[in-house]
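Taking it in order: structure first as structure tokens, then the write-up.
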Amino acid sequence: MLIRILGAAAGGGYPQWNCHCNGCETVRDGGAIPLTQSSIAVQSKEDGSWFLINASPDVRQQIEAMRAEGCFNSHSGNRSLPFAGILLTDAEIDHTTGLILLRESTAPLNIYSTATVKQALTSGYAILSTLQNYCGVKWAPITPGEIIQLTDELEVEAFPLSTKAPKYIQSTIQSTEIEVWGIGLTIRDTITNSTLTYAPGMGSINNDLRKRFENSDCILIDGTFWTNDELPSLGIGARTAQQMGHLPLSGDDGSLSQLANITTRKIFVHINNTNPILIPNSPERKTVENTGIEIGYDGLTIKL
Ligand code: MLT
Ligand code: MN
Ligand code: ZN
């Protein structure tokens, strides 16, 4: 299978339109490469179907970048969507807003998500209901622990991640309700017997998750924040990384130290524009590179 990082930044992108943090200004000064918002695509085999995983507000630009690099060999004249399906890991605005941009598809969008995400996108942020009046939606459930056959070669298994409900729906949720808001995906190529695990939003790493990472050939993992108080300390947000459901990279219990002994190929994605690892030659970036974890970027392609 082929995996392409379409966008390596978290919500807002790099730079974010209203942000003047060190990183965003570095991009504007030409000192760092811009990044679009969080999404990947997976292709089963050469010339095979592509699947989109999360639909970012930058999906239009991301599809054009794929086209420019020859990802889509054939192009029919009928304005069809170049993805056989779209899988959602959560109902966050930055992972779902791209669906609205795909409304021009001539065929209904094949969308896979948990029932919880479907509900959020039907009532809280009603993208799926809206799309019914445009291209339409064919929804299929993702249930953690169950395997879905995407193509003859590719199967996907979802697993629960510790994440928070999207902000737009938080006020309507009872604090006692226990729900899985975000999932990760393990995608297995049954021909090459290789696996990718994608976890763009994870608040903690338990033993099951650690084993899953160890048993994967490549993991794409939450790289949102360097420190827990990154946004409050910059005066640009009230919530800590943990309150947003993201495990920060640094610190004794941070993801860098928790992932240190996992020998799988590891790549950070969903990196927030405030995270200093995005700044070339920063000490934080060097620390990450020295631990052997890669920092994702748009267009990075992995063959498994
Ligand atoms: C997240 O990744 O935590 C969310 O996308 C942040 C947001 O509310 O935009
Ligand atoms: Mn996000
Ligand atoms: Zn910024």
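Restricting attention to segment 52-67, which residues are buried (at least 24 other Cβ atoms within 10 Å of the Cβ) and more than 16 Å from ligand 1 (Cβ to nearest atom)?
Within segment 52-67, Leu52, Gln62 qualify.
Just one of Ala115, Ala91, Ala84, Ala120 is among the hydrophobic types (A, V, I, L, M, F, W, C), more than 21 Å from Val269 (Cα to Cα) and within 16 Å of ligand 2 (Cβ to nearest atom); which is it?
Numbers: Ala115 fails: within 16 Å of ligand 2 (Cβ to nearest atom); Ala91 fails: more than 21 Å from Val269 (Cα to Cα); Ala84 fails: within 16 Å of ligand 2 (Cβ to nearest atom).
Of Ala115, Ala91, Ala84, Ala120, the one residue that is among the hydrophobic types (A, V, I, L, M, F, W, C), more than 21 Å from Val269 (Cα to Cα) and within 16 Å of ligand 2 (Cβ to nearest atom) is Ala120.
May I ask you to list the residues in segment 195-219 that are open to solvent by less than 40 Å² (accessible area, probe 1.4 Å) and within 15 Å of ligand 1 (Cβ to nearest atom)?
Our first condition is that a residue be open to solvent by less than 40 Å² (accessible area, probe 1.4 Å); within segment 195-219, this holds for 195-203, 205, 209, 213, 216, 218-219.
Hits for segment 195-219 are Tyr198, Ala199, Pro200, Gly201, Met202, Gly203.
Any residue at all in segment 128-142 that's within 16 Å of ligand 2 (Cβ to nearest atom) and among the aliphatic types (A, V, I, L, M)?
We begin by selecting, within segment 128-142, every residue within 16 Å of ligand 2 (Cβ to nearest atom); these are none.
No, segment 128-142 has no match at all.
Output yes when any residue across segment 220-239 is surrounded by fewer than 19 Cβ atoms within 10 Å (Cβ to Cβ), within 16 Å of ligand 2 (Cβ to nearest atom), assigned to a loop (DSSP other than H, G, I, E, B) and not aliphatic (A, V, I, L, M), and no when none is. Outline the logic, then answer.
Initial filter on segment 220-239 (surrounded by fewer than 19 Cβ atoms within 10 Å (Cβ to Cβ)): 229, 232-239.
Pick out the ones that are also within 16 Å of ligand 2 (Cβ to nearest atom) and you get 236-237, 239.
When the remaining residues are screened for being assigned to a loop (DSSP other than H, G, I, E, B), the result is 236-237, 239.
Adding the requirement that they be not aliphatic (A, V, I, L, M) leaves 237, 239.
Yes, there is a match, as at least one residue in segment 220-239 is surrounded by fewer than 19 Cβ atoms within 10 Å (Cβ to Cβ), within 16 Å of ligand 2 (Cβ to nearest atom), assigned to a loop (DSSP other than H, G, I, E, B) and not aliphatic (A, V, I, L, M).
Just the residues that are open to solvent by 40 Å² or more (accessible area, probe 1.4 Å) and not in a loop (DSSP other than H, G, I, E, B), please, taken from segment 100-111. Lay out the reasoning, then the answer.
Within segment 100-111, the subset open to solvent by 40 Å² or more (accessible area, probe 1.4 Å) is 100-101, 103-104, 106-108, 110.
Within segment 100-111, Ile100, Leu101, Arg103, Glu104, Asn110 meet the criteria.
Considering Ile5, Ile63, Ile86, Ile33, which residue is within 20 Å of Leu121 (Cα to Cα) and either at pLDDT 95 or above or part of a helix (DSSP H, G or I) (or both)?
On the way: Ile5 fails: within 20 Å of Leu121 (Cα to Cα); Ile63 fails: within 20 Å of Leu121 (Cα to Cα); Ile33 fails: within 20 Å of Leu121 (Cα to Cα).
Matching residue, one of Ile5, Ile63, Ile86, Ile33: Ile86.
Scan segment 117-171 residue by residue and report those that are part of a loop (DSSP other than H, G, I, E, B), of a type in the set (Ser, Thr, Tyr) and in contact with a helix residue (DSSP H, G or I) (Cβ under 7 Å, 6 or more places away or on another chain). Explain how you work it out, then say what you get.
Taking segment 117-171 as the starting set, the residues that turn out to be part of a loop (DSSP other than H, G, I, E, B) are 125-126, 132-136, 142-146, 150-153, 162-166, 171.
Going one step further and asking which of them are of a type in the set (Ser, Thr, Tyr), we end up with 125, 134, 143, 151, 162-163, 171.
Hits for segment 117-171 are Tyr125, Tyr134.
The values are calculated or read from the model by the stated rules, or taken from the named source; none is laboratory data. Keep in mind it's a predicted model, so treat the numbers as computed, not measured. Note that each Cβ is placed from the backbone with ideal geometry, even for glycine, and that neighbours are counted across all protein chains shown. Surface areas here come from the heavy atoms of the whole protein model, side chains and all, with no ligands, DNA or RNA. Shrake-Rupley method; radii C 1.70, N 1.55, O 1.52, S 1.80 Å.
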